[in-house]
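One structure is given below, encoded as C-alpha cells.
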Amino acid sequence: DAGITQSPRHKVTETGTPVTLRCHQTENHRYMYWYRQDPGHGLRLIHYSYGVKDTDKGEVSDGYSVSRSKTEDFLLTLESATSSQTSVYFCAISESSGQILKETQYFGPGTRLLVL
Amino acid sequence: KQEVTQIPAALSVPEGENLVLNCSFTDSAIYNLQWFRQDPGKGLTSLLLIQSSQREQTSGRLNASLDKSSGRSTLYIAASQPGDSATYLCAVNSGYALNFGKGTSLLVTP
C-alpha cells in the first residue's frame, strides 16, 4: 500500500467552527488531491496540488482552502464548517509527467466528518 | 464537463459466475481510465489503469477494456468469489485529476 495517512480519521464538529484535515505521504509524490464522497454524488475533487505551494481548485472548492508547505503534507481547511460539508474526505497522491496525470492515483483511508 | 456513468448500480451474483461491469463517459478526449475497488468504510484500492493508447489491461481474474472512441470501458471479473463483494468505481482522467462514476455495488453470494 502507498504510504498515505489522514488525520483525524473521525471528527464531529459544530456549524461555524474551523476544521483542518491533514494528509501525509511518505512516497515523495508530486501531486496530492482532496476529494469528498457523498451518497448519490460519488467522489468529487475539492482541491489539488502539483507541488509545494502550488495548488488549484477542483469541482467543489467553495468553502474550502488548502495549503502545502512541504512535499509530504497537504492540509484541507473548512474555514467555517456547515452541515453541507458533512462527508467522507479522501486524500490521494500521484506521480506525474509534466501536467498530465499518467500514473495510478493512490488513496488514503479517509476522514469521516460530521458537522452538527 | 466529463460525465461518467456506471451500469448497473448494483449487482448480485452467485459465486463462480463471470460478470461484466460497465462504464461510459461523455468526452472521448481522455488520457487514461482507472478502475478502483472500495470496501465499506474503507478507502479506494486501484485495480487497473488503462492508458488511452491501450485496449485492455489484465490482472489476475480481472480484465478491463477501453474503447475510447465510443466512450466505454468494461471490467470483467472471472469466476467471482464472495471476497469480490465491494463497490467498483470507474474514473476517467481528462487532464489533471479524475472524474468518477457513482460505482457498481457488487454482492457475490456463496
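Have a look at A:SER94, A:SER61 and point out the one that is surrounded by 14 or more Cβ atoms within 10 Å (Cβ to Cβ) and within 12 Å of the chain's Cα centre (by Cα). Reasoning before the result, please.
Working: A:SER94 fails: within 12 Å of the chain's Cα centre (by Cα).
The conditions single out A:SER61.
Only one of the numbered conditions (1) more than 10 Å from chain B (Cβ to nearest Cβ); (2) out of contact with any Leu (no Cβ under 8 Å at 6 or more places or on another chain) is violated by A:THR86, and that is (2).
Condition check ((1) over 18 Å from A:TYR106 (Cα atoms); (2) touching a helix residue (DSSP H, G or I) at 6+ places or on another chain (Cβ under 9 Å); (3) modelled with pLDDT under 95; (4) within 12 Å of chain A (Cβ to nearest Cβ)) across all residues:
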residue	(1), (2), (3), (4)
B:GLN2	yes, no, yes, yes
B:ILE7	yes, no, yes, no
B:GLY16	yes, no, no, no
B:PHE25	yes, no, no, no
B:ASN32	no, no, yes, yes
B:PHE36	no, no, no, yes
B:PRO40	no, no, yes, yes
B:SER46	no, no, yes, yes
B:ASP67	yes, no, no, no
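Residues that are in contact with a Cys (Cβ under 9 Å, 6 or more places away or on another chain): list the strands (runs of 3 or more DSSP E) wholly contained in the range B:1-69 that include at least 3 such residues.
Details: elements: B:4-7, B:10-14, B:19-25, B:32-38, B:44-51, B:56-59, B:62-67.
By residue number, B:4-7, B:19-25, B:32-38.
For B:THR109, the conditions (1) more than 14 Å from chain A (Cβ to nearest Cβ); (2) of a type outside the set (Phe, Trp, Tyr); (3) closer than 28 Å to A:ASP38 by Cβ; (4) surrounded by fewer than 17 Cβ atoms within 10 Å (Cβ to Cβ) are fulfilled apart from (3). Of all residues in the range A:1-26, those that are among the acidic types (Asp, Glu) have Cβ atoms under 9 Å from Cβ atoms of residues that are in a loop (DSSP other than H, G, I, E, B), 6 or more apart or on another chain, in A:GLU14/A:ALA81; A:GLU14/A:LEU116.
Does the range A:72-84 hold any residues that are modelled with pLDDT of 95 or more and not in a strand (DSSP E or B), and which are they? Before the answer, list the steps.
Keep residues of the range A:72-84 that are modelled with pLDDT of 95 or more, which gives A:72-78, A:80-84.
Scanning the range A:72-84 gives A:GLU72, A:SER80, A:ALA81, A:THR82, A:SER83, A:SER84.
Somewhere in the range A:85-92, is a residue more than 15 Å from B:ASN93 (Cα to Cα), in contact (Cβ under 8 Å) with a residue 24 or more places away in the chain, part of a helix (DSSP H, G or I) and among the polar types (S, T, N, Q)? Yes: the range A:85-92 contains one or more residues that are more than 15 Å from B:ASN93 (Cα to Cα), in contact (Cβ under 8 Å) with a residue 24 or more places away in the chain, part of a helix (DSSP H, G or I) and among the polar types (S, T, N, Q).
Taking the range A:2-44 as the search range and keeping residues that are in contact with an Asp or Glu (Cβ under 8 Å, 6 or more places away or on another chain) and of a type in the set (Ser, Thr, Tyr), which one is modelled with the highest pLDDT? Applying the filter and picking the extreme gives A:THR26. A count restricted to the range A:32-43 and to residues that are within 9 Å of another protein chain (Cβ to nearest Cβ) and either crowded, with 17+ Cβ neighbours inside 10 Å or under 15 Å from A:SER69 (Cα atoms) (or both) stands at 5.
Which residues, counting only those in the range A:1-30, are under 24 Å from B:PHE36 (Cβ atoms), more than 13 Å from the chain's Cα centre (by Cα) and part of a strand (DSSP E or B)? Talk me through it step by step, then tell me what you get.
At the first step, the residues of the range A:1-30 found to be under 24 Å from B:PHE36 (Cβ atoms) are A:1-10, A:21-30.
With the extra rule that they be more than 13 Å from the chain's Cα centre (by Cα), the set shrinks to A:1-3, A:10, A:26-30.
Of everything in the range A:1-30, just one residue is under 24 Å from B:PHE36 (Cβ atoms), more than 13 Å from the chain's Cα centre (by Cα) and part of a strand (DSSP E or B), namely A:HIS10.
Listed by first and then second residue, the pairs linking a residue in the range B:72-95 that is of a type in the set (D, E, K, R) to a residue that is surrounded by fewer than 17 Cβ atoms within 10 Å (Cβ to Cβ), with Cβ atoms under 8 Å apart and 6 or more places separating them unless they lie on different chains, are B:ARG72/B:ASN22.
The values are calculated or read from the model by the stated rules, or taken from the named source; none is laboratory data. Given the structure is predicted, the values throughout are model-derived calculations rather than measurements. Reconstructed Cβ throughout: ideal geometry from the backbone, glycine too, with neighbour counts over all protein chains shown.
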